[in-house]
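The next block holds one structure in the form of structure tokens; read it before the comments.
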Amino acid sequence: MHEINIFCFGFGQVAKDFIKKILFHKIKINLITTSRQKSSELNYFNLKYKNFHFNEKNFDTFLLNKIENYDHILVSTPPVNEKDIFLELINSNNKIISKAKWITYLSSTSVYGDHQGEWVDENSKLEPNTEKGKIRHMIENKWKELSSYYPIQIFRLAGIYSNEENLITRIKKNQTTIIKKKNHKFSRVHLEDISGFLFSSLSKFKSGEIYNIADDQPISNEEIIPEIVKKYNLKLPPIIDYDNLEDSLIKDFYSSSKKIKNNKAKSYFNYKLIYPTLREGLNLL
């Protein structure tokens, strides 16, 4: 692969790191993106690209003719008002993806709901118990239906962290607490590993497939934060019992507990994680 035409619907941290990964491999990129900002010519790691204004109310219509020339499409925007706004665009302009060879929709492991701390894989029952999880599930089903006609894969992402945004930075900013809840585990994945899986899928792609993108070891904040505090000489965040939580969003988040299996993605893409566990990702080992 010497050149790639890629359209990123949404250009947040995952899309940007994916593009950076492609550039690292010396592959020429023709790139267009969308964001809520006004349409403009921009530059990313010396790559010139065109960003088109797009939100749930209006968008730059010049984008429609452009998309048709881009055969790789990454959809990384979260639902807006219970809808996937790119799907809405496709429904009324389906010819814009008729030449696509590779379409990836980034979903969330929230679609699994609560499995009481047990392991789940791509064949596990989907029982979303939060509003966000239910919306993701509904949108996923629409992408699955579309994969009968177009080359689409779905990545279910675990909790994302990076070198810039993680538990260490959140503790330093007093933006986290320790929630005590028995046997509650989190599955996470480092940003660089998400882009690693995406890059691997450029050369090995199978339409209609769903992959869990997570690291090898689910772990609770209650378990890992004391290690972080000790190593980096930080102040221990407040400790709150789950039953005493007043913030409905946090309580909603902690209502689901499961451990995400990543075997399918690692095996199919023959991918070795850069950060197999959060401890490597936070340099605790």
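The values are calculated or read from the model by the stated rules, or taken from the named source; none is laboratory data. Just so we're clear, the structure is a prediction, and the values are computed from it rather than from any experiment. We place every Cβ from the backbone using ideal geometry, glycine too, and count neighbours over all the protein chains shown. Heavy atoms of the whole protein, side chains included, go into the accessibility calculation; ligands, DNA and RNA do not. Shrake-Rupley method; radii C 1.70, N 1.55, O 1.52, S 1.80 Å.
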> Can you name the residue in segment 232-279 that is touching a Leu at 6+ places or on another chain (Cβ under 9 Å) and without any contact (Cβ under 8 Å) to a residue 40 or more places away in the chain and, of all such residues, is farthest from residue 182 (Cα to Cα)?
Replying inline: 266
> For segment 176-219, how many residues meet the condition of being charged (D, E, K, R) and part of a helix (DSSP H, G or I)?
Replying inline: 2
> Can you name the number of the only condition in (1) more than 20 Å from residue 254 (Cα to Cα); (2) in a helix (DSSP H, G or I); (3) open to solvent by 20 Å² or more (accessible area, probe 1.4 Å) that residue 222 fails?
Replying inline: (1)
> Does segment 13-56 hold any residues that are open to solvent by less than 90 Å² (accessible area, probe 1.4 Å), within 22 Å of the chain's Cα centre (by Cα) and aromatic (Phe, Trp, Tyr), and which are they?
Replying inline: 18, 44, 52, 54
> Across segment 185-223, what is the total count of residues that are more than 24 Å from residue 265 (Cβ to Cβ), in contact (Cβ under 8 Å) with a residue 40 or more places away in the chain and out of contact with any Pro (no Cβ under 9 Å at 6 or more places or on another chain)?
Replying inline: 1
> Within segment 64-84, which residues are under 16 Å from residue 99 (Cβ atoms), within 24 Å of the chain's Cα centre (by Cα), outside any strand (DSSP E or B) and not charged (D, E, K, R)?
Replying inline: 67, 70
>> Just checking, does segment 188-196 include any residue being more than 18 Å from residue 272 (Cβ to Cβ), in contact with a Phe, Trp or Tyr (Cβ under 7 Å, 6 or more places away or on another chain) and open to solvent by less than 60 Å² (accessible area, probe 1.4 Å)?
In response: no
> So which residues in segment 94-139 are more than 24 Å from residue 250 (Cα to Cα), open to solvent by less than 10 Å² (accessible area, probe 1.4 Å) and not β-branched (Val, Ile, Thr), if there are any at all?
Replying inline: 102, 105
>> Just to verify a result, which residue in segment 232-243, among those that are in contact with a strand residue (DSSP E or B) (Cβ under 9 Å, 6 or more places away or on another chain) and not acidic (Asp, Glu), is farthest from residue 173 (Cα to Cα)?
In response: 242
> Restricting attention to segment 188-220, and to residues there that are among the small types (Gly, Ala, Ser) and out of contact with any Asp or Glu (no Cβ under 7 Å at 6 or more places or on another chain), which single residue is modelled with the lowest pLDDT?
Replying inline: 220
>> Just to be sure I understand, how many residues within segment 5-50 are over 13 Å from residue 66 (Cβ atoms) and touching a residue at least 40 places away in the same chain (Cβ under 8 Å)?
In response: 12
>> Step by step: first the residues of segment 225-241, then only those that are under 21 Å from residue 253 (Cα atoms) and assigned to a loop (DSSP other than H, G, I, E, B), then the one that is least open to solvent (accessible area, probe 1.4 Å). Which residue is that?
In response: 237
> Considering segment 110-133 alone, what residues qualify as being in contact (Cβ under 8 Å) with a residue 40 or more places away in the chain and of a type in the set (A, V, I, L, M, F, W, C)?
Replying inline: 111, 119, 120
